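Written below as structure tokens is the structure these notes are about.
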Amino acid sequence: MKIDNSVIRKVIGVLIAPWLYIVVWTVPALEHSELQKWVVINTFFAYVVFLAFAGISHLVLKKLNATNMWSYCAVMFVVAVTLDIALSLWLLSGYTSSYYSQTLVVEYGSITAAGYMLLLKDALINGIISSGVMAIFWFVSIFKQSSKVINA
């Protein structure tokens, strides 16, 4: 039984790419007494988030028939930002009052203007990080080095 090289590269990409999430999410907990537990939790959720976002991105990329890195990153950015905003709005809908990052996000059951700005900022940061994760996946799994010699 022969395993295709592209399948091996995609599996390696899926294993390596979420480590950017793990590093970014673990940096704030470096001085925490339960750092090991946070690393385990962040690792689990990094793979869940990557597989969900990449799965949706794959469907869009397949529809667009896109294979270059910029399309992978752009689609992942849009998917991550959209899902982050939708999930944040849904999660905040049940609160009567909520503070996050020293900002009043929900007041009297309604999301504040500062809350929307904070959610948007966090979603954009998540989109940028997710694009970086997808770039790592693309380099490991999709990138094909040209064997041509240029200007020799």
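Before moving on, here are some points about what is shown:
Residue-by-condition table, conditions (1) aromatic (Phe, Trp, Tyr); (2) within 15 Å of residue 127 (Cα to Cα); (3) in a helix (DSSP H, G or I):
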{"residue": "33", "(1), (2), (3)": "no, no, no"}
{"residue": "36", "(1), (2), (3)": "no, no, yes"}
{"residue": "45", "(1), (2), (3)": "yes, no, yes"}
{"residue": "50", "(1), (2), (3)": "yes, yes, yes"}
{"residue": "67", "(1), (2), (3)": "no, no, no"}
{"residue": "79", "(1), (2), (3)": "no, yes, yes"}
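- None of 41, 85, 56, 12 is surrounded by fewer than 16 Cβ atoms within 10 Å (Cβ to Cβ) and touching a residue at least 24 places away in the same chain (Cβ under 8 Å) except 12.
- In the stretch 99-111, the count of residues that are acidic (Asp, Glu) and over 30 Å from residue 68 (Cα atoms) is one or more.
- Considering residues of the stretch 99-128 that are surrounded by fewer than 17 Cβ atoms within 10 Å (Cβ to Cβ) and small (Gly, Ala, Ser) only, the residue modelled with the lowest pLDDT: 101
- Residue ID - nearest to residue 138 (Cα to Cα), chosen from residues in the stretch 81-98 that are β-branched (Val, Ile, Thr) and assigned to a helix (DSSP H, G or I): 81
- Residue under evaluation residue 77, criteria (1) closer than 19 Å to residue 141 by Cα; (2) at pLDDT below 95, criterion not met: (2)
- Some residue of the stretch 20-32 being in contact (Cβ under 8 Å) with a residue 24 or more places away in the chain, out of contact with any strand residue (DSSP E or B) (no Cβ under 6 Å at 6 or more places or on another chain) and not aliphatic (A, V, I, L, M): yes
- Test: residue in the stretch 66-75 that is surrounded by 12 or more Cβ atoms within 10 Å (Cβ to Cβ), of a type in the set (Ser, Thr, Tyr), within 29 Å of residue 14 (Cα to Cα) and touching a Pro at 6+ places or on another chain (Cβ under 6 Å): no
The values are calculated or read from the model by the stated rules, or taken from the named source; none is laboratory data. Since this is a predicted model, take the numbers as computed values, not measurements. Note: ideal-geometry Cβ built from the backbone for every residue, glycine included; neighbour counts use all protein chains shown.
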